[in-house]
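Below you'll find the structure, written out as structure tokens, and then a few comments.
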């Protein structure tokens, strides 16, 4: 059974522009996404896209931190988008999130021990004090900290250790899916490498699956088997990571081309223009003003996400036509 | 062949120390490098390696309690450390310009982008305000921005990528000889990063500008730089042409860095264990020795000096000779 399935999820926000004007911002449009995390080809999923493309909003919808404006969310076959918080206990335990700013996500007045004990108390109320303590020690070791760190406060840890603590808090309740929202962005190379390996190891040891939200393509390629590309609040392509080089959507190809690399002389190829303003998407394909391959139909008709081959979907009029 | 660049910026034995309550911190220790005309030198390293202090030293903007201890900064034959404050003010912006990572705090939030650029121009050039405005618009257009709109915008009205390009336009408004980009593309999207790198490269060629590109992003450095200097704990541990350094790193730190990055390491990553050292409490020997897989007795006692091993490629490691032999054997087989 599909672990998590979003069906035509949409989210819009009303923001005020001045005191008399209200504007609606469509952050996510009709996104349908199945996370069948059981199969090998989709164990870890990468969600990539520029800032403002709706990645974070989609994550907030999938983790039900926010209710979708339209559409439904199925968790193991059960519709949960409107369920009250009380009935979400199992879902909340199974889906954990690690945020980009680990330091800000840890309570500065709680020692590591208390930070880790809280999720245990919530989801495993039957644990005795001793069991909790053992579990905390065990998890601290697994993320590369030591049991002696139990008494330390977040500010006493280095940036890398704070990230590890945030990871420990996520995996301590044996989740099925851990969502990492830019969890490795902006870090030093060696630390980023350490964390990526830690993710891999925890994945193998505990059967944790990841949804890695990132604009760092090399990291996504390293960790994920499946890549979902978002643009302007929509999924434009969804394909296995090892087939990235055969991607069909011009936006995905542009992303790959803008990745700096050493081989050959890097001729920086970049997309002209800016990502569209989320309050006024262009008609037709939202990417067409920047698309190097646009044809006449692109300005008129919105392309839908269609199956190109097994596990490969793309939303482009040209996809699959050559 | 114009491989021999005319040297524009030469830095010799530059040291900057911070006098803190925890003791003396050598944030930049005996730094030597030079940048040629139209050349890009990337300085890479982890946070706390002294990259930014080096950049600030060049502009003599090291914040209190730091101080430039010794050295020479020759910009086209002039030693910047000998200039008086007034002369130094003329150099900043006009000959040496700096772009920071955070473009939102580069600009004053209550003033328009245009007024920032005009201020820079009129502070250095005797131009009427109309001429300055034209020049500013022209610079914005060169960066691929809609000139009129971005000129009148406030910083918050532009997207991150546009703002960073506006910051570049401002830094380049006076055709500086050397542009220092301190993490200028970090934390931008790949597409925006490619945009910025494109404009930087274009200006290197067109304006005969030199670029000092400071970053911890190895891939960006590999893409834009001609030469690269790797810093660790306040010292340069390896420097050389970008291809050679990335293909056959001589210093264990450089090769370990490359093995930590998914773009350069096929298969499972082998990140460096531990974290960068505390600069207030450095071991007497090679600063990298506690994390180095090859660390021996001599590494813990003696600081290795930077030695030229291949033409133009230098490394500071006691075991460079062995490494060189390894590489040579690998090349033969």
### Task
Obtain the nm distance between the two label points defined at residue A:90 and residue A:310 by a simple spin-label model: each point lies 7 Å from its Cα along the Cα-to-C-beta direction.
3.1
### Task
May I have the extent of the alpha carbons of segment A:17-168 along their three principal axes, as whole Å values ordered from largest to smallest?
52, 40, 33
#### Entry: Coordinate range along principal axes, alpha carbons of segment B:106-228, Å, largest first
42, 29, 20
### Message
Stokes-Einstein diffusion coefficient for segment B:108-172 at 4 °C in a medium of 1.567 mPa s, Rh from the Kirkwood formula over Cα pairs: what value in µm²/s?
### Response
114
## Note on the structure
If one builds a Gaussian network model of chain B from Cα atoms under 10 Å apart, the most fluctuating residue listed among B:22, B:111, B:235 is B:22
### Message
So, R0 is 25 Å and r is the distance between the beta-carbons of residue A:67 and residue B:47; what FRET efficiency does that work out to, to 0.05?
### Response
0.05
### Task
Over all alpha-carbon pairs of segment B:207-333, lay out the pair-distance distribution in 5 Å bins, whole %, shortest bin first.
2, 10, 19, 23, 21, 15, 7, 2, 1, 0
### Summary
At R0 = 30 Å the Cβ-Cβ FRET efficiency linking residue A:158 and residue B:141, nearest 0.05, sits at 0.10
### Using distinct alpha-carbon pairs, which all enter the 1/r mean, Kirkwood radius of segment A:146-304 in Å
18.4
### Query
segment B:34-87 to segment A:1-61: how many Å between their Cα centroids?
45
### Task
Project the alpha carbons of segment B:224-298 onto their principal axes and report the range along each, largest first, in whole Å.
34, 28, 21
### Query
Roughly what angle does helix B:113-124 make with the longest principal axis of chain B, taking Cα atoms, 0 to 90 degrees, to the nearest 10?
80
### Message
Once R0 is set to 35 Å, what does the formula 1/(1 + (r/R0)^6) return for the Cβ-Cβ distance between residue B:111 and residue B:22, expressed as a FRET efficiency to the nearest 0.05?
### Response
0.35
### Message
Place a point 7 Å from the Cα of residue B:330 along the Cα-to-Cβ direction; which residues of segment B:206-224 have their backbone N under 20 Å from it?
### Response
B:218-219, B:222-223
### Task
Please work out the Cα convex hull volume for segment B:1-106 and give it in Å³ per residue.
131
#### Entry: chain B: most fluctuating residue of B:215, B:122, B:186 per GNM, C-alpha cutoff 10 Å
B:122
## Note on the structure
Debye calc, one equal point scatterer per Cα of segment A:62-141, no solvent, log10 I(q)/I(0) at q = 0.16, 0.20, 0.27 1/Å comes to -0.79, -1.03, -1.29
## Note on the structure
For chain A, longest principal axis from Cα atoms; helix A:189-206 axis from its Cα atoms; angle between them, nearest 10 degrees, is 70
### Query
Taking the Cα-to-Cβ direction at residue A:101 and at residue A:293 and moving 7 Å from each Cα, how far apart do the two end points lie in nm?
3.9
### Message
How tilted is helix A:159-171 with respect to the longest principal axis of chain A? Cα atoms for both, answer in degrees (0 to 90, nearest 10).
### Response
90
### Task
Evaluate peptide B:179-192: per residue, the Cβ atoms of other protein chains within 10 Å of its Cβ; return the mean as an integer.
5
### Choice from B:167, B:229, B:256 showing the highest fluctuation, given a GNM over chain B with Cα pairs closer than 10 Å
B:256
### Task
Starting from the Cα-Cα distance between residue B:298 and residue B:127, subtract it from 0.36 nm times their residue separation and give me the gain in nm to one decimal.
55.5 nm
#### Entry: segment B:153-208: radius of gyration over Cα atoms, expressed as a fraction of 2.2 N^0.38 Å
1.12
### When the convex hull of its Cα atoms is projected in every direction, mean area for chain B (nm²)
18.8
### Query
From a point 7 Å beyond the Cα of residue A:124 in the direction of its Cβ, which residues of segment A:91-113 have a backbone N at a distance under 18 Å?
A:91-97, A:112-113
### Message
Once you keep just the Cα pairs under 8 angstrom separated by 6 or more residues, what percentage relative contact order results for segment B:108-172?
### Response
42
### Message
Give me the mean projected area, in nm² to one decimal, of the convex hull enclosing the Cα positions of the protein assembly as shown.
### Response
33.6
### Task
Could you tell me the distance between the Cα centroids of segment A:140-164 and segment B:181-200, to the nearest Å?
33
### Query
Can you give the alpha-carbon Rg of chain A over 2.2 N^0.38 Å, where N counts its residues?
1.06
### Query
In nm, what is the difference between 0.36 nm times the number of residues separating residue A:243 and residue A:1 and their Cα-Cα distance?
84.6 nm
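We did not get these values from a lab; they are worked out from the coordinates using the rules stated. Owing to the predicted nature of the structure, the values given are computational and were not obtained by experimental measurement. Cβ coordinates were reconstructed from backbone atoms using ideal geometry, including for glycine residues, and neighbour counts include every protein chain displayed.
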